[in-house]
Structures are given as C-alpha cells and as structure tokens.
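Reading through the structure tokens given below for one structure.
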Amino acid sequence: MTQTPFTGDTEYFPGIGAIPYEGPGSDNPLAFKAYDADRVVAGKTMAEHLRFAVCLWHTFHGTGNDPFGPGTREYAWNAAATPLDAARQRLDAAFEFFTKLGVPFWCFHDFDLAPEGDSVAASEANLATMVELAGERQTETGVELLWGTANLFTHPRYMNGGATNPDFSVVARAGAQVKAALDATVALGGRNYVFWGGREGYACLFNTDTKRELDHFATFLTQARDYGRSIGFEGTFLIEPKPMEPMHHQYDFDAQTVTGFLRHHGLAGDFKLNIEANHATLSGHTFAHDLRMAADAGLLGSIDANRGNPQNGWDTDQFPTDMNDAVQAMIVVLEAGGLGAGGLNFDAKLRRESTDLEDLFIAHIGGMDAFARGLLVADRVVSHPRYRNLRAERYASFDSGDGAAFERGELGLAQLRDLAAAASEPARISGKQERVENLINDLMFSED
Ligand code: XUL
Ligand code: CO
C-alpha cells in the first residue's frame, strides 16, 4: 500500500515526504511507530482492517477558529484569488496530504469540495467542476472515496433544520443538495453516503411538531435512498448519531435511537450507522458502547474517529490518542467481524494552538498509531481463551435445558414460576469484572 506522493502545481507540504513506518523504537515525529499498513493481524493487513480516511472539512478548512476568536493558521490554498481557485488548490493540497500520509480514503461535504453558488444551479455547476477534478486526482493516486455528504447545517436557511425544517421550501432545498451530493458520491465511486442530522432536531419542544418532523425525516431519507439506488449507488447509506449541538435535541440521539427509527420506517436494509466517538460520549455513553449497540443490531457501518474532553460537555473533536478508547473500540470492531465497506475517518481538528504545518501530519499519525496499537491489543484480547470463555460461561445456563427452551420462546411466565418455585435460591455467580479489566490491561502491555 505504498503510494507515490502526489504533488500538483505547488507543493503544499514541502520538506515532508511519504510518512514511513519506523517501528516502536523510532523517535521521529513524522514516522509511524505502530501503523505498518501491510502487517497482517488476524488474517488481514492493518490497512484492510482500519481503512483510514482523512476528511476535507476539519483538515483543510479548519484554521482554528472558535466562538471566541478567529483562526490561528493560514493555509496557502485559502489565499487563492477566487473560491473556485481555492477549492482547486485545496483539493491538490489534500491529495498531496493523503498520499504522503498513506491513507486509502477521503471524505467530503458538498461545500467543502466546491463553493456554494448563489443559486441551486450555480452550486450544482461548481460541484460538477470539482467532482471532475477530484475524479482525476483519485485516478492519478489510487485514493478512494469512503463517503460523501451534504452540508445541511451551515447556511442560515437551515437554522430550523434541513429535512425536518417546518418550512417546505427549505426541505426542497435540502433535497436539491442531497441529490447533487449523491450524484457526486456516485461519480466518485463513494462506498457510503452519510447523513449527519446537524440541525435535524429542535431548540424548543413547544414550537415544534416533533411527530411531523420525524415523519418528514423518514420520507426524506426514503426518497434519498430511492434516488441513490436509481442512479446506481450500491453502497451503504449511513446515519451518524449525535444527541445535541448545534440543536438542543437532535433526533438521531444515539445508536439505539437510530436503530429503532430505521427499523420502524423500513430503512434498516439500506442504512447503517456511522459512529463518532465524541458524539457517543455527548450522549452519555462510551464510544465502545455505541459501537456495540450498532454491531448488535447488525448496523455497524463506519466510524468517525476522534475524542472529546472529559472535563467539558461539548464536541471538541480532538484527535484520538486515548489508548483505552482505541483498544475498546477495536475489540468491538473485531468481534463484529470488521467494518465491511466502512472505515475510520478522522473527524478531528487540530487544537487552535497547534499552528505548524507539520502538526496536521503529526495529529493524523498519532491517531493512526493509536488505532493500530488498539488493533494489536484487541486481537490479543479477543483471541485470548480466558476472555472468550469468561463471557460465554456467564450465559452457559441458556445453552441447554430450560434456559435454551426460554431462548426459543417456549417457556411462559407460569412455567417460569413453577421452575423457580421448585428450585432453591439461585447461587451468586461472580461477574468477574475486575478479572476481565485486568486481562485487557495485561494484554495492552504484553509483547506482539
Ligand atoms: C459534526 C460531524 C460532521 C459529520 C458529517 O459533529 O461529525 O462533520 O461527520 O456531516
Ligand atoms: Co462526524
């Protein structure tokens, strides 16, 4: 999986070449210590397990602005004479970055890739221009599209929502954007198409017809599914749950909420979930919890990798460097049989104080190494007999006899009553939580 770095008319990251794998002993900040793309773990290469993607929005538009101040970084591509020139230069910088970093995939929103025009038709034309160029860059480099999406949250017209807006004319506008973004995703061979409901929710319960909005949302998603299939999209539609921010309440609250919604509306055959770490923690869960809920439902589609800040309550989108998170996530992913057509997209932004050009590389290298280490540890955990047996043994009473009959739905409450009445008080069987937690820690520091 060694790519030849792409350079357009300008080299945007001079002095930085293809990021090598140097292994655990290396002190080079611009080298991988753990991510060795071709290394085989549990029957697949690291590259095949992890399917890393870099996003266009935070990585190439993010200049470090926050609600209290402007950006702190100046990127050469943003200084171009026109928005379309800037888009072209940004795309070249992005493909230089993807190929130097050695990631197989990228992701975009429509208006990260092309500037929004002053009419629907003008926006469609800008997007078509940029899709053509992106197609050329994909062919030249071999980098592929993990997913595309439409930005239905930045423009003021979407202040009350996109697909769930109380004003039909805004819903129609959202439809126009999703149509164009689906066209773009199909043209670029995207594996998935994402819906993140940024403003699909409400700020005030008492001016909102939540039932009507949720019905509109299902109708909108159904129409998007039908249009996508009609133009030959064979990939997976993904919903990215998030409980809040920017809205007070977002409808796609967490993995279990979205699973129920998709099943209720008959969409679970075409849609899966894109689980983002910091969204899971905002909803009061762990990253691993939401991954597990998605996997249990057969709906684990893809991952937006990042982390929050445990000391505050918002979506800080930090690069994922927490080893416990990475190990736990990869345990769930391995137990689920992998990410399929999904991948691990870094929906993460540099800190405002990180102002060197190389910091973009250092951040992504750290995230890739964290998940590579997570994969190695997770493989040791899930293949360890004590780990496998511990959970299986807790449920052994359902493997045969009355427990198995209960699982088959053959025992009614009256029969449960008679069995309980005839039996003595159940013995207390230890949950062995500390034993399994200690085992994971032990395996985190044992040799590969
Ligand atoms: C916002 C977020 C988005 C989605 C795509 O919290 O995660 O970037 O991933 O719209
Ligand atoms: Co995201």
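None of the figures in this text is laboratory data; all of them are computed from the coordinates on show. All values reported here derive from a predicted model rather than from experimental measurement. Glycine also receives a Cβ, built like all others from the backbone with ideal geometry; neighbour counts cover every protein chain displayed.
Going down the list LYS179/LYS272; LYS272/LYS432; LYS33/LYS349; LYS100/LYS349; LYS100/LYS272, which pairs span over 23 Å between their C-alpha atoms?
Correct reply: LYS272/LYS432; LYS100/LYS272.
What percent do you get for the relative contact order of the chain when only Cα pairs under 8 Å and 6+ apart count?
The normalised contact order for the chain reaches 15 percent.
Within region 348-448, which trypsin sites (Lys or Arg not before Pro) sit in a loop by DSSP and count at most 15 neighbouring Cβ atoms inside 10 Å?
ARG351, ARG408, ARG428, LYS432
Using alpha-carbon pairs under 8 Å, 6+ residues apart, how would you state the relative contact order of region 88-135 in percent?
Normalised by residue count, the contact order of region 88-135 is 32 percent.
Quick one: which residues, 5 or more positions from GLY117 or on another chain, have an amide H under 5 Å from its amide H? H modelled 1.01 Å from N in the peptide plane, none for Pro or chain starts.
Close amide H contacts, sequence-distant or interchain: SER123.
Please report Rg over Rh for region 386-444, where both radii come from the alpha carbon positions and Rh follows the Kirkwood definition.
Ratio value, two decimals: 1.13.
Once you order the gyration tensor axes a ≥ b ≥ c over the Cα atoms, which shape class does region 73-119 get: rounded for a/c under 1.5, otherwise prolate or oblate by comparing a/b with b/c?
Cα axes put region 73-119 in the oblate bin.
Along region 85-91, what does the Karplus equation 6.51 cos²θ - 1.76 cosθ + 1.60 (θ = phi - 60°) give for ³J(HN,Hα), rounded to whole Hz, x for Gly and Pro?
4, 4, 4, 5, 5, 4, 5
With a Förster radius of 22 Å, plug the Cβ-Cβ distance of ILE429 and ASP296 into 1/(1 + (r/R0)^6) and report the FRET value to the nearest 0.05.
It comes to 0.45.
Name the chymotrypsin sites (Phe, Trp or Tyr not before Pro) in region 263-357 that are in a loop by DSSP and that have at most 13 other C-beta atoms within 10 Å, would you?
TRP314
Compute the separation of the alpha-carbon centres of region 177-227 and region 264-296 and state it in Å as a whole number.
Between the Cα centre of region 177-227 and that of region 264-296, the gap is 17 Å.
Exposed loop GluC sites (Glu not before Pro) only (DSSP loop, at most 12 other Cβ atoms within 10 Å): please give the longest stretch of the chain free of them, not including the sites.
75-233
Expressed as a whole number of Å, what is the distance separating the alpha-carbon centroids of region 357-373 and region 96-170?
24 Å
Tally the DSSP beta bridges in the chain and give the antiparallel ones as a percent, rounded to 5.
Beta bridges within the chain, antiparallel portion: roughly 15 percent.
Can you tell me the dipole magnitude for the chain around its Cα centre, using point charges on the Cβ only (Lys, Arg +1; Asp, Glu -1), in Debye to the nearest 20?
Roughly 900 debye for the chain.
Enter the Cα centre distance for the pair region 19-81 and region 381-418, rounded to the nearest angstrom.
Here the answer is 44 Å between Cα centres.
Compute the relative contact order of region 110-246 as a whole-number percentage, counting only Cα pairs closer than 8 Å that sit 6 or more residues apart in sequence.
Over region 110-246, the number comes to 26 percent.
With θ set to phi - 60° and the Karplus curve 6.51 cos²θ - 1.76 cosθ + 1.60, what are the ³J(HN,Hα) couplings of region 263-279 in order, to the nearest whole Hz, using x for Gly and Pro?
Result, ordered by residue: 5, 4, 9, x, 9, 5, x, 10, 10, 10, 10, 10, 8, 9, 4, 6, 6 Hz.
For the chain, build the convex hull from the C-alpha positions and give me its volume per residue in Å³.
Once divided by residue count, the hull of the chain is 178 Å³.
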